[in-house]
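Reading through the structure tokens given below for one structure.
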Amino acid sequence: MSATHVADPHHHHAVADKTQLAPEKSHLGLTRPDRHSGIIDWLTTVDHKKIGIMYGAAAMFFFLVGGIEALLIRAQLATSENHLITAELYNQLFTMHGTTMIFLGVMPLSAAFFNFLVPLQIGARDVAFPRLNTFSLWTFVAGATVLNVSWFFQFAHTVGWFGDSLTIMGADQPLSQIAPAGGWFGYAPLTGREYTGIGTDFWIVGLQILGIASLAASFNFIVTILNMRAPGMTMMRLPVFTWMTLITSFLIIFAFPAITIALAELMFDRLFGTNFFRIENGGQPILWQHLFWVFGHPEVYILVLPAMGIVSEILPTFSKKPLFGYPIIVFSGAVIGFLGFAVWSHHMFTTGLGKIATAAFSLLTMAIAVPTGVKIFNWMGSLWGGRIKFTVPMVFALGFIWMFMMGGFTGIMHSSAPADAQQQDSYFVVAHFHYVLLGGVLLGLLAGLYFWVPKIFGRMPNQKLGYLTAVLVIAGFNITFFPMHYLGLTGMPRRTHTYLGDMGWDLWNLVATIGAFILGIGVFLCFVNLAWTAVKGPKSPADPWDGRTLEWSTPTPVPAYNFAATPIVQARDCYWVHKHGDKKMDYQPDDGHGIHMPSQSWWPLLCGFGFALFGTSMAFYAAGVPFAGYCVITGLGLVVVGIYFWALEGPGGYHLEPPHDGEAAKKPTDSPVATAAH
Amino acid sequence: MASQTANPPLDDKLLEEIHADSHTNTGIENKKLIMWLFLASDCMFFGTLISTHLIYRKLYPFGHPQEGAVDITGTFDIELTSFSTFILLMSSFLMALAVSAMHKGAIESFRRYTFGVILFGLIFLGGQVYEFQHFFHGQGWYEWTATNAAGEEVSGTEANEGVFHDVADTAAAKANFLHEHHGYELTEFKELKKVPGLSLQNSVFGSTFYVMTGTHGTHVAIGVLWLFSMLIYSYSGRLTPRNAIDVEIAGLYWHFVDIVWIVIFTVVYLVEYIEL
Amino acid sequence: MSHATTWKEAAILENARYHTFFNLAMALAVLTGIEIVIIFLPWAASIVMSVLIVLSVIKFFAVILWFMHLIYDKQLLFWLFMAGMILATGTMIALLALFSIDDVDLADIASITSYASNLA
Ligand code: HEM
Ligand SMILES: [Cu+2]
């Protein structure tokens, strides 16, 4: 904060392009990586937009990985008594599929939107702690690497690249099972040393590192949203997406600690022989379930609230109406967030909670459906009487409402404990959470991609392909998952490697598999479309959808400093009101100092590298591989060095001057009434 | 105060600039806000650890499924822990003064108070290391009689594992005794009570106790390292009154570690002494 | 937050705080002393327990309000922190309650298992 004055006491002549400025030295005497373009720029960037793009790219990559895992699962289940893949590999596939989709697909794609959009939506030039933001990105990449590198070792082992070397090296644990296989919620005692190999260690450490990334990012976003809003951007004028980011961030900072501690306890059980969950010494596996779901249920809202925020931006835009019941949507988001901490045991009805607890959690779960329903009604209210345009993002957003609602209905069915006793651990639950997660969250996120990609890349995605994708995804999704309701109710258990032919499940499993491949093609086409857009798509205007919120008022592509002059916000949906209403946006006067930009840094990247080394070696250390312990310490050492250098280099900063081609440069580029306003 | 003279004089313009720089929507500096958010989140970290401990305490009145497996009050050393608690409380007091000093722009006073905090922090950590070591090795209470060269006989009791290491090995006990009490020869001794060692592995209580207090100890150690770095940094001349906020957030962290201990001291140590 | 505009004012403000901090430190020491003493008094367990809880809550709030400046700072900070505190305490209470149901004896399950594994 104080950098504005410290870094630049004798204000030198400012330019618009950082690569033209003289290099600057940090307090450590090292040259800051500020003046580059290309790869170094991307590796050390502190620009929330670039960070957002990298989060998005990583998320899409992992969606593809998780998608391939899913297709393999479906291929195995296509017919009864199939032996396409081994039971062990099957376990690894569904474990990694779930873990990947949740932590490496949905969460980072939401993070991509947080990063790209939040500062733009609140009229800020960056997040509150730019280097911390970079740290979150690379720590996330490290965690994702640790989780997935297990596949690499698994593969190498299976095809015999290492021969028996891993065992010969002195590992005291059998190393045949290297990729995680304990399910995404890793129930004890299956995760004990006696039952699973180092895959579980990869899983534990990978999730720990991802947790650090999510926590750091969430602290950063809460501070950004509370503290960095443009003048006039009061809390009740915040775009709903930003509101949902805020609530999600709070959920993360309160929910992740529970799993962090649970994972740490599990790690101690495996590494140092403690008794937290080891039943033979008095540990209680049920405690793991509780701690996991204390995190796990808020986690499902961490996944869905950002998508709800996205949909709340898209529906009014394409109905040409303000969002119906804005305060109620915000309030029910907050209520969902709060109640989300009080329903975790609905995942454990069948464990015998006792009558009172069962009743209480059942009622609270039913209660949480109320604010969820309220939101749906408000979205319908936003559509009602609007001039609806069925653009690609709108089609996806409408798909979200419908599919999510179906998932909500089955959720309410689960909330009744006696009914849930029948459904628990059957394909019915698989249908439920895919309707909320895929039909809900993923459709919402895809809607967001089609909506904001013109702003992100300055290019328009192919609309025809977009509609085709929407049809393929929504149809494929329903063909895959709707039959699962039926499969589940007729008794097909989830997480089953294969099934007998006389159970009556063959037909619907085959249908589901066919649907899955249609869905897979749809998602793949979507990503192809976006990749094509990024490089080849036709140029997009700055405000292609006649948007309502501040991000549309910036030029496209968005300059590094976002806003040449800080906007003064006069209303909710301020850009819409500015264009079509009576309250014009104003801009803060230029103080003649140029725009202060934060310096880039290598150190967050070093921390990420340290975490990756730490995590991978930790798994081998757990297996008893010699020298792995030294690698663990080296990894941690790198993190510490990174943090120290980061603290000591000083925040730095430099000044940019936006191009002075008249007043127009500062004003929204294509607002029809902007010129008339002044 | 004489100390104030060592503090460099300050310009009031600086104070104005500091206030202007820290302007935000909420009126709370970014760094302070993020620290409080971290602490709010840290409540959940410790909440989970303490929950784990208490759940198992409730489930296993003996710290273990097996009756009589852990002698908890026998293991604890409440005098030492009370002393550590007191030290940590006082370190919080010094920390508050160190922050206060920075707000006055009194770098020299800041250094002295911070040094005190670090020292107290180290004493606390030392106490914890000592405590862990003793808990791990267990304790024995012994009754002994000894004679000196003049033939006088003395007797007493001792809570010392080291001397009477092995009740069967009289020769070793005699040698150890002579080493500790010069000129006295041990004639007779017997074990009154023995508390077995507490390890991470040998009971559920050991697991939850060490991991919880160990996590707290790690927090203290990080705090000591943080303050120590800040103290060293202050000699580089770069730590100015502008950095009052940096000291303040380190202080917040330190106080938080203190309040966590207030809770742990009560729900983990003191309640064990209540006779039901 | 101190709104001193001169260093002199800041010094006056902070010096006044010195006395508050000192008194508080003494009070904390005394309360801790009381806590240590009462556990050895022959009072009913429930009374000792309640006194302990009340005293540590007082100590807890004393530190966050004065040492951690919440009383001088914006209220928002207090509520942000309380959100974490309340969720943590609520979760802890709920978990403890969940583990005290009497129709399932969890401890028994564990001891049976360890008994069985000892036999094997
Ligand atoms: C109306 C709102 C909702 C209700 C009432 C509800 C209720 C439930 C219940 C009771 C279960 C446990 C079923 C069982 O294991 O037997 C469950 C599972 C699940 N729910 Fe929901 N849910 C709702 C919304 C959501 C949302 C929004 C998401 C995520 C975006 C979600 C994701 C999940 C997941 C992933 C599981 C399965 C966890 C597992 O066992 O692997 N749910 N839901
Ligand atoms: Cu749930």
Ratio of alpha-carbon Rg to the 2.2 N^0.38 Å globular estimate for chain B, to two decimals, please.
1.34
Would you mind computing, in nm to one decimal, how far apart the modelled labels at A:Thr496 and C:Met26 are, each placed 7 Å from Cα along Cα→Cβ?
7.5
For the protein assembly as shown, give the percent of accessible area contributed by carbon and sulfur heavy atoms, probe 1.4 Å, rounded to a whole number.
68
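Summarise the partner chain shielding of B:254-262 as one whole number: the mean count of Cβ atoms from other chains within 10 Å of each residue's Cβ. Intermediate values should be presented prior to the final figure.
Numbers: counts 2, 6, 5, 0, 7, 10, 1, 0, 12.
Partner-chain Cβ atoms within 10 Å, mean over residues of B:254-262: 5.
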On average, how much accessible surface per residue is there in the range A:308-402, in Å², for a 1.4 Å probe, leaving out ligands, DNA and RNA?
38
Antiparallel %, DSSP beta bridges [both residues in chain A], to 5:
90
At most 13 other Cβ atoms within 10 Å and a DSSP loop assignment: could you name the chymotrypsin sites (Phe, Trp or Tyr not before Pro) in the range A:385-471 that fit?
A:Phe390
In sequence order, calculated HN-Hα J values of the range A:262-275 (Karplus, 6.51, -1.76, 1.60; Hz; x Gly/Pro)
4, 5, 5, 5, 5, 4, 5, 4, 6, 8, 10, x, 6, 10
At q = 0.10, 0.12, 0.17 Å⁻¹, what log₁₀ I(q)/I(0) does a Debye calculation on the Cα points of the range A:41-283 give, no solvent, two decimals?
-0.56, -0.76, -1.21
How far is the Cα center of the range A:66-107 from the Cα center of the range A:526-574, in Å?
38
Run lengths n ≥ 4 of DSSP H only: what is the helix-derived mean residue ellipticity at 222 nm for the protein assembly as shown, with -39500 (n - 2.57) per run over all residues, to the nearest 500?
-21000 deg cm²/dmol
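Given a cut-off of under 8 Å on Cα pairs at least six residues apart, what relative contact order in percent is computed for the range C:1-73?
34
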Give me the distance between the Cα centres of the range A:601-620 and the range B:206-261, rounded to whole Å.
24
Would you mind checking A:Lys321/A:Lys583; B:Lys13/B:Lys104; B:Lys58/C:Lys59; A:Lys18/A:Lys536; A:Lys389/A:Lys464 for any pair whose Cα atoms are more than 19 angstrom apart?
B:Lys58/C:Lys59; A:Lys18/A:Lys536
How many nm is it between the label spots at A:Ser37 and A:Ala22, if each spot is 7 Å from the Cα in line with the beta carbon?
2.3
Can you pick out the pairs among A:Lys320/A:Lys584; A:Lys375/A:Lys455; A:Lys320/A:Lys455 whose Cα atoms lie more than 25 Å from each other?
A:Lys375/A:Lys455
Need one number for the range A:252-302: average projected area of the convex hull over its C-alpha atoms, nm².
3.3
Test item: A:642-653 mean partner chain Cβ contacts at 10 Å:
1
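Quick one: plug the Kirkwood hydrodynamic radius of chain A (C-alpha pairs) into Stokes-Einstein at 25 °C, 0.890 mPa s, and report D in µm²/s.
For the chosen part, D equals 94 µm²/s.
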Using per-residue counts of other Cβ atoms within 10 Å, averaged over each peptide, order A:224-235, B:188-199 from highest down.
A:224-235, B:188-199
Determine, from the Cβ-Cβ distance of A:Leu271 and B:Thr147 and an R0 of 45 Å, the FRET efficiency 1/(1 + (r/R0)^6), rounded to the nearest 0.05.
0.30
Counting only C-alpha contacts under 8 Å and six or more residues apart, can you give the relative contact order of chain B as a whole percent?
25
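Compute the relative contact order of the range B:63-205 as a whole-number percentage, counting only Cα pairs closer than 8 Å that sit 6 or more residues apart in sequence.
Worked out over the range B:63-205, it gives 28 percent.
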Indicate the residues belonging to the range A:223-237 that lose 40 Å² or more of solvent-accessible heavy-atom surface (probe 1.4 Å) upon moving from the chain alone to the assembly of all protein chains, ignoring ligands and nucleic acids.
A:Val223, A:Leu226, A:Asn227
Take every residue in peptide B:85-97, count the Cβ atoms of other chains within 10 Å of its Cβ, and give the average of those counts.
5
For A:Lys355, which aspartates and glutamates qualify as cross-link partners when the Cα separation must be under 17 Å and same-chain residues fewer than eight apart are set aside?
A:Asp420, C:Asp102, C:Asp103, C:Asp105
Could you name the aspartates and glutamates whose alpha carbon sits less than 13 Å from that of B:Lys190, not counting residues in the same chain fewer than 8 places away?
B:Glu143, B:Glu158, B:Glu161, B:Asp166, B:Asp169
Cα-only Rg/Rh for the range B:176-230 with Kirkwood Rh rounds to 1.30
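The values are calculated or read from the model by the stated rules, or taken from the named source; none is laboratory data. Small disclaimer: the values here were computed from a predicted structure and weren't measured. In this analysis, Cβ positions are derived from the backbone assuming ideal geometry, glycine residues included, and neighbour counts consider all displayed protein chains. Quick note on the areas: whole protein, heavy atoms, side chains included, nothing else; ligands and nucleic acids left out. Shrake-Rupley method; radii C 1.70, N 1.55, O 1.52, S 1.80 Å.
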